[in-house]
Amino acid sequence: MAQVRTPGANGCDVYLTGTVFLDIIFTGLDSAPVRGTESWARGMGSSPGGIANMATALARLGLRTSLAAAFGDDMYGDYCRESLEHGEGIDLSHSHTVPGWHSPVTVSMAYEGERTMISHGHEAPPKSAATAYDPDAPECPPPADACVSSLVPGRPQEWVATAARRGSRIFADVGWDETERWDLASLAELPDCEAFLPNAVEAMRYTRTDCPRAAAHALSAYVPLAVVTMGSEGAYAVDSGTGETAAVPAIAVDALDTTGAGDVFVAGFVTGSLAGWPLADRLAFAGLTAALSVQEFGGSLSAPGWPEIAAWWRHAGAPAGTGKRYTFLDDLLASCTQSTPPRRAVPTLGFRPPAG
């Protein structure tokens, strides 16, 4: 990114907002839990989750990332804030701590290549509430080259339009439509988006199609760039401005935990977009970062950085026959050196210091 940033560029590359969860992940389950029985997991990890997945993935790829989120004033909130701000270097100047509000929690159980999640939490009071208002808070949303949003049917986010008017490039994904209406008109921010990145099921339901590629072409009538992720089948994209299409297969890996893989994919795609890469390279890079992430615990702390990408390229990329598709990494990784291993999800939030 240093090569494409211009003098006087915005203070951050990417801005995003959302809910931070404390994720507790169980892996090594042979099957789904059975009612009335006790299941033992062979692995366990804890890490910040929710919007922290995306923020961490962006930061580990070298993007100056700014996150606006509420944090509880409990131990979970302190852990998540410390991990993101000091561990990952994410700007939290737009975030706030809410006294008396407990952090949302998600328990994720990984088995048979998938995961089942149980979450609990309460919506945080707005930042303007008396318990959380900060009169010295910086302008929000801040000037940023790009913003990432998760669209919610029927719940417009005014900040997206504000950011788009100021020149930010908007990248968006979407979650499951709990209303089951699957109406594109309910996604109020879609006209402001440069790219829309739903998964195959979401894309087909919104477009009433029975093929992910057909869904991508249908969505391209609404956004300049439609990207549909297809799991083990890879990803497919349509650029409505140029008519260009791109398809990249997925990288086969043994998945430990798929939590946050979609967030990491979006982070990889945003990185390539801001760097000005060709569409197919952006898809390939996004798929690679997602594939590397599912081999570790958790959604946020499983995200790869450049040293992990370089290690894959040196030891697995070319021998696995994927070299031709990823030759664009050669120049990018030429100066990439080994660094301190990234923090990963661990079973506990921390040990007390030794007595004495």
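The values are calculated or read from the model by the stated rules, or taken from the named source; none is laboratory data. Every value quoted in this text rests on a predicted model; they were computed, and no experiment measured them. Cβ atoms come from the backbone with ideal geometry, glycine included; neighbour counts cover every protein chain shown.
Listing for the model above:
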quantity: Close pairs (7 angstrom Cβ cut-off, 6 or more residues apart or separate chains): touching a residue at least 12 places away in the same chain (Cβ under 8 Å) and over 30 Å from A310 (Cα atoms) in the range 60-80, part of a helix (DSSP H, G or I) and of a type in the set (K, R) anywhere; calculated: F71/R81
quantity: Subset of the range 101-140 that is touching a helix residue (DSSP H, G or I) at 6+ places or on another chain (Cβ under 9 Å) and at pLDDT 90 or above - its residue that is farthest from P33 (Cα to Cα); calculated: W101
quantity: Cβ-Cβ under 8 Å pairs, at least 6 apart or on other chains, the range 238-265 side at negative phi, far side part of a loop (DSSP other than H, G, I, E, B) and of a type in the set (F, W, Y); calculated: L256/F297; D257/F297
quantity: Condition broken by P224, with the remaining ones in (1) modelled with pLDDT of 95 or more; (2) buried (at least 19 other Cβ atoms within 10 Å of the Cβ); (3) over 28 Å from L22 (Cα atoms) satisfied; calculated: (2)
quantity: Test: residue in the range 164-183 that is under 21 Å from A286 (Cβ atoms), at pLDDT 95 or above, in contact with a Cys (Cβ under 6 Å, 6 or more places away or on another chain) and not polar (S, T, N, Q); calculated: yes
quantity: Test: residue in the range 85-100 that is among the aliphatic types (A, V, I, L, M), assigned to a loop (DSSP other than H, G, I, E, B) and either surrounded by fewer than 22 Cβ atoms within 10 Å (Cβ to Cβ) or at pLDDT 95 or above (or both); calculated: yes
quantity: Per-region count, the range 104-125, residues without any contact (Cβ under 8 Å) to a residue 60 or more places away in the chain and part of a strand (DSSP E or B); calculated: 2
quantity: Test: residue in the range 142-153 that is loosely packed, with under 15 Cβ neighbours inside 10 Å and of a type outside the set (D, E); calculated: no
quantity: Residue list for the range 160-196, restricted to those being under 22 Å from L279 (Cα atoms) and either in contact with a Leu (Cβ under 9 Å, 6 or more places away or on another chain) or of a type in the set (F, W, Y) (or both); calculated: R169, F171, A172, D173, V174, L190, C193, E194, A195, F196
quantity: Given (1) surrounded by 17 or more Cβ atoms within 10 Å (Cβ to Cβ); (2) free of Cβ contacts under 8 Å to residues at least 24 places away in the same chain; (3) of a type in the set (G, A, S), index of the condition A214 fails; calculated: (1)
quantity: Selection from the range 168-215 of residues that are within 25 Å of Y15 (Cα to Cα) and of a type in the set (D, E); calculated: D173, D177, E189, D192, E194, E202
quantity: Pairs, first touching a residue at least 12 places away in the same chain (Cβ under 8 Å) in the range 339-354, second aliphatic (A, V, I, L, M) and surrounded by 10 or more Cβ atoms within 10 Å (Cβ to Cβ), C-beta under 7 Å, six or more apart; calculated: R343/L301; R344/L301; A345/I25; A345/L301; P347/M44; L349/M75
quantity: Criterion (surrounded by 10 or more Cβ atoms within 10 Å (Cβ to Cβ), hydroxyl-bearing (S, T, Y) and at pLDDT below 75) met by exactly one of T322, T340; calculated: T322
quantity: Strands (runs of 3 or more DSSP E) wholly inside the range 215-291 containing at least 1 residues that are within 14 Å of P198 (Cα to Cα) and touching a Phe, Trp or Tyr at 6+ places or on another chain (Cβ under 6 Å); calculated: 225-229
quantity: Strands (runs of 3 or more DSSP E) wholly inside the range 1-62 that include at least 1 residues being modelled with pLDDT of 85 or more, among the β-branched types (V, I, T) and within 23 Å of A303 (Cβ to Cβ); calculated: 12-17, 20-27
quantity: Single residue of R115, R35, R42, R60 found to be within 25 Å of D254 (Cβ to Cβ), surrounded by fewer than 18 Cβ atoms within 10 Å (Cβ to Cβ) and charged (D, E, K, R); calculated: R42
quantity: Long-range neighbours under 7 Å by Cβ, at least six apart or interchain, first residue in a loop (DSSP other than H, G, I, E, B) within the range 152-165, second of a type in the set (A, V, I, L, M, F, W, C); calculated: P153/L187; P156/A188
